[in-house]
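Structure first, then comments.
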Amino acid sequence: MKKFFFTVATVFMLQSSHAQSMQAHGSRPNIVLINLDDMGCGDLSVTGAQGYLTPNIDRLAAEGTRFTQFYAPSSVSSASRAGLMTGCYPSRISINGALKPLTGIGVHPDEKFMSQILKDAGYATAIVGKWHIGDEKEFLPLQRGFDEWFGLPYSNDMWPFGYKYTFGETPTERVWDRPDLPLYDGNEVVRYIMDMDQQSELTTLYTERAVDFIHRSSGRPFFLYFAHTMVHVPLPVAERFRGKSEQGLFGDAMMEVDWSVGEVLDAIREIGAEENTLVVFTSDNGAWINFGAHAGNNGGLREAKHSSFEGGQKVPCIMKWPAVIPAGKIINRMASQIDLLPTFTALAGGELPEKIIDGVDITPLMSGDNSFRPHEYLYYYVLNSRLNGVRDDRFKLVEPHKYASHEGTLPHDDGTPGKRVTNATDWALYDLRRDPGERYDVKDMYPEVVDRLKSALDDMRARCGDSNMKVKGSEKRPHGYIYNPLIEKYSHDRSDYTVRGRGNKTDKEPKNK
């Protein structure tokens, strides 16, 4: 036991030393976190995309470091973003799936977000774009450490008009029983998005606000979280980008996002902050491939969004910080978005949350130390606290579970979702070094690896739960809940979430405040 604590202490000291060394290159870095929606591992020209180019993002990779074994906390939006903001596996904080409008559910107020840590450390903080971690006022960004917010409270398809749309026309048929899509500035709704032409303005409006924040923050450390609405369906591409790619609206959307990234990088350069600004570029989960030509590319990985196979949670990650991060380097150690909170905290000289988190400070990796191993294991949580798998540096063990599969079906190419089927898997072991597509079960070849990874699953299951095995988890913490009488009006949203949420949604008093 003494040896174990010595080892942990030594790792902590090394990480702190790395963080202090990185800060020594100048003042505390500005931090810009760009998070796309539903972008897969094959959607950048630097990772093999065809039919369009992403020169600004490619330049970011050339001038920075690319992480090739990087993971989102979950394969669906709200759970992924909650994990990103808190440094926790989403099951630990009881946020599952994609929160629908007016469910009353959000991250518990007692959980500390990276934005709160950075604000407390003296940073100017802003979010531009999609939130999707609770749409009640108590859960919105200005109550979670952001000085300002301009964007949507949830995904752009969570409006009354569905996926099928036409630019240049105002929808007349309300397909879903959902409220109109609100655009927020701070805590106030400034207007409602009523058609695709209005949606198509979002990326430009977001980018203008992001650039303005960067210019206004010159001279003090700042944190900008730029959470793009795109490339989530429906694809609200600005008119000037439509038809510019050889891949239809999806390629056009990627070109528009790339333009936006270029504008942000130019703004950082214009204020003279390029050398001491950390830019992180990533995605909330893999591509939603049953939308066919309207969806992205998971680079040959198995399955997609909503799945615990690699196509669901493995995502691109590029980091640039000229003062510290080597240019053109590849990092192939496991890392995750849950690591960003402790990493940003170390760089800002902030204080970590008192509650248990799962992320690790990865400043040694960022500075080019590929021998540093931040995680012995990474875990795959999806939907209703399902612990579907675990991986180490080489192997991935999948536990028995049912999943929505895209195999054996055809996607749709008209902007609507194609069918998915329900498949099931037994215990399976994949050698990700030789088989990143997870096609060949090798558990009979490596029984000792199976036993070791099962023990790792048992440990995490006991701590953070697993609905597959009906285990609650001793360290699992509650989500927040705010009663809203409109929940009763939008019965579609309420009934859809009762399977995934916790607590009685008919209670008239707020829970977990």
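Among the residues making up segment 272-322, those that are open to solvent by 20 Å² or more (accessible area, probe 1.4 Å) and among the hydrophobic types (A, V, I, L, M, F, W, C) are 288, 289, 293, 301. For segment 328-345, filtered to residues that are open to solvent by 30 Å² or more (accessible area, probe 1.4 Å) and not charged (D, E, K, R), the residue that is farthest from residue 303 (Cα to Cα) is 328.
Quick one: is residue 74 touching a Leu at 6+ places or on another chain (Cβ under 6 Å), buried (at least 24 other Cβ atoms within 10 Å of the Cβ) and under 21 Å from residue 290 (Cβ atoms)? I'd like the intermediate steps shown before the answer.
On the way: touching a Leu at 6+ places or on another chain (Cβ under 6 Å): no; buried (at least 24 other Cβ atoms within 10 Å of the Cβ): yes; under 21 Å from residue 290 (Cβ atoms): yes.
Judged against the criteria, residue 74 is not a match.
Quick check: anything in segment 442-456 farther than 20 Å from residue 91 by Cα, touching a Ser or Thr at 6+ places or on another chain (Cβ under 8 Å) and surrounded by 15 or more Cβ atoms within 10 Å (Cβ to Cβ)? Scanning segment 442-456 turns up no residue that is farther than 20 Å from residue 91 by Cα, touching a Ser or Thr at 6+ places or on another chain (Cβ under 8 Å) and surrounded by 15 or more Cβ atoms within 10 Å (Cβ to Cβ).
From the list 397, 387, which residue is in contact with a Cys (Cβ under 8 Å, 6 or more places away or on another chain) and either of a type outside the set (Ser, Thr, Tyr) or surrounded by fewer than 23 Cβ atoms within 10 Å (Cβ to Cβ) (or both)? Please lay out each step first, then the result.
Values: 397 fails: in contact with a Cys (Cβ under 8 Å, 6 or more places away or on another chain).
Being in contact with a Cys (Cβ under 8 Å, 6 or more places away or on another chain) and either of a type outside the set (Ser, Thr, Tyr) or surrounded by fewer than 23 Cβ atoms within 10 Å (Cβ to Cβ) (or both) holds for just one of 397, 387, which is 387.
Taking every residue in segment 21-41 that is under 13 Å from residue 122 (Cβ atoms) and pairing it with any residue that is at pLDDT 95 or above and of a type in the set (Gly, Ala, Ser), at least 6 positions away or on another chain, the pairs with Cβ-Cβ distances below 6 Å are 28/348; 30/273.
Would you point out the residue of segment 151-173, among those that are open to solvent by 20 Å² or more (accessible area, probe 1.4 Å) and closer than 21 Å to residue 38 by Cβ, that is modelled with the lowest pLDDT? Reasoning before the result, please.
Residues of segment 151-173 open to solvent by 20 Å² or more (accessible area, probe 1.4 Å): 163-173.
Checking the rest, the ones that are also closer than 21 Å to residue 38 by Cβ come to 163-165, 167.
Working: 163: 87, 164: 76, 165: 79, 167: 93.
Looking at the filtered set, the residue picked out is 164.
As a summary of the residue check, residue 206 satisfies the conditions (1) in a loop (DSSP other than H, G, I, E, B); (2) crowded, with 21+ Cβ neighbours inside 10 Å; (3) in contact (Cβ under 8 Å) with a residue 40 or more places away in the chain except for the one numbered (1).
Residue 27 falls short on exactly one of the conditions (1) surrounded by fewer than 19 Cβ atoms within 10 Å (Cβ to Cβ); (2) in contact with a Pro (Cβ under 9 Å, 6 or more places away or on another chain); (3) modelled with pLDDT of 95 or more, and that condition is (3). The strands (runs of 3 or more DSSP E) falling completely within segment 394-482 that include 2 or more residues that are of a type in the set (Gly, Ala, Ser) map to 401-405.
The values are calculated or read from the model by the stated rules, or taken from the named source; none is laboratory data. Just so it is clear, the model here is predicted, and its values are computed rather than measured. When we count neighbours, we look across all protein chains shown, and the Cβ atoms used for this are built from the backbone with ideal geometry, even at glycine. Ligands, DNA and RNA are excluded from the accessible area calculation, which covers all protein heavy atoms including side chains. Shrake-Rupley method; radii C 1.70, N 1.55, O 1.52, S 1.80 Å.
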